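Worksheet: one structure, shown below.
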Amino acid sequence: MRIKIRILFIIILFYAVIQILIATGMLNPYWTQIIQFAQIITISAIGLNLIYGYTGQFSLGHAAFYGIGAYCSALVTKSLHNLGFLSFIIGLLSSVILVAIIALIIGLPILRLKSDYLGIATLGFGIIVKVLFDNADTVIPALGGSRGMLGIPRYTNFTLTFMFFIGSIIIIRNLIFSDFGRSFISIREDEIASECTGVNTTKYKTMGFVFGSIFAGVAGVLYAHLYSFLHPSNFDFLKSIDVLLIVVLGGLGSISGTIIAAIAWTFILEGLRVILPGQILDWRLVIYPLILIIIMLVKPMGIGSGREFKFLRPKE
């Protein structure tokens, strides 16, 4: 009980400090936005960690669900802008439902594949979605197509991202240490043995894929209403690779590692953007792999190394 109260106090204190810094102008809008983006990326990475880290399903199409959530919510809120914040809630619910349905339809056939074959199939799905985004204006002009989507109402603020950030961690923690989570982990460890002990592997692999994709969709919703502009290039397969790197760096099957890696990754990228002159900016593409190699040499199992923060562990 004392630990829960202490954690709650730390969460409230952190939120209050950031809000005071924002209100007083000590934290400028640029870095406030970066903090929000770090939380959004963490939500998306937590979803992929559920799919890959806990269920063992190698997915390279995570950015597609990120984009579907973003575009769906943006379209709904633009269409219902007269409703104000209610349009955001409707857009969020619509995105979650749409992402869940698409993940279910896609997951049922492709999750029969394993390892690299599954990765290639999800990569193909991601590329298809990117092409659809590029040409969406031929069907729905409001989506903008390859020109991008403008005029998206900006509803995302620090309070909203912080609530979803904390909520996502609580949900994933409770899910992993439930009966569902044990089934996910058993499939990752040995799918054949899981089937022999009565685990419906098709059911649980699909559930893990759908739940993880929903996290990506929610992150996409927050992203769309943070930057008020969407472009298909924001959701290409390289964005899936970015999230995959975060999960690997944090440690497969580690909530704590994923949180640390996602936040660190975001600030390293932005730090390099600020520090490096424009001519040397492309060297970031060399620096990122070096960071990955160094961490893998020092921590082969990732930053989390199979460990969790005390408040994320179940009671003994």
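What is the calculated FRET efficiency for residue 150 to residue 288, with r their C-beta to C-beta distance and R₀ = 45 Å, to the nearest 0.05?
According to the calculation, E is roughly 0.90.
Can you quote the Å³ per residue value for the convex hull of the Cα atoms in region 1-150, rounded to an integer?
For region 1-150, the hull spanned by Cα atoms encloses 170 Å³ per residue.
Can you tell me the FRET efficiency between residue 18 and residue 270 if r is taken as the Cβ-Cβ distance and R0 is 22 Å, rounded to the nearest 0.05?
That pair, residue 18 with residue 270, gives E of 0.85.
For residue 114 and residue 7 in one chain, what is 0.36 nm times their gap in residues minus the Cα-Cα distance, to one decimal in nm?
On the way: separation 107, 0.36 × 107 = 38.52 nm, distance 3.94 nm.
Stretched fully, the residue 114-residue 7 segment lengthens by 34.6 nm.
How do the peptides 145-152, 85-92 rank, highest first, by the average count of neighbouring beta carbon atoms within 10 Å per residue?
Top to bottom by mean Cβ count within 10 Å: 85-92, 145-152.
May I ask for the net charge around residue 258, where only other residues with Cβ less than 14 Å from the Cβ of residue 258 are counted and Lys, Arg are +1 while Asp, Glu are -1?
Once all neighbours under 14 Å are counted, the net charge is +1.
Could you line up 52, 30 from fewest to most neighbouring Cβ atoms inside 10 Å?
30, 52
Using Cα centres only, tell me the gap between region 85-116 and region 1-78 in whole Å.
19 Å
With label points built 7 Å along Cα→Cβ from the Cα atoms of residue 309 and residue 137, find their separation and express it in nm.
Calculated label separation equals 4.3 nm.
How large is the Kirkwood hydrodynamic radius of the chain, in angstrom, based on all distinct alpha carbon pairs?
20.3 Å
May I ask you to list the lysines whose Cα is less than 18 Å away from that of residue 239, ignoring any residue fewer than eight positions away on the same chain?
Excluding near neighbours in sequence, the set is 130.
If you take every residue apart from residue 176 with its C-beta less than 12 Å away from the C-beta of residue 176, what net charge results, scoring Lys and Arg +1 and Asp and Glu -1?
Surrounding charge for residue 176 is +2.
Along the principal axes of its C-alpha atoms, what lengths does region 168-261 span, in descending order and rounded to whole Å?
Sorted from largest, the Cα extents of region 168-261 read 49, 25, 24 Å.
Picking from 140, 255, 99, whose Cα lies most toward the positive end of the charge dipole for region 2-312 (charges on Cβ: Lys, Arg +1; Asp, Glu -1)?
Value computed over the given set: 255.
Lys and Arg at +1, Asp and Glu at -1: add these up for the other residues within a Cβ distance under 13 Å of residue 113 and post the number.
Once positives and negatives cancel, what remains is +1.
Coordinate-derived values only; no laboratory data. As the structure is a computational prediction, the values presented were derived from the model and not from experiment. Using ideal geometry, Cβ is built from the backbone for each residue, glycine included, and neighbour counts are taken over all protein chains shown.
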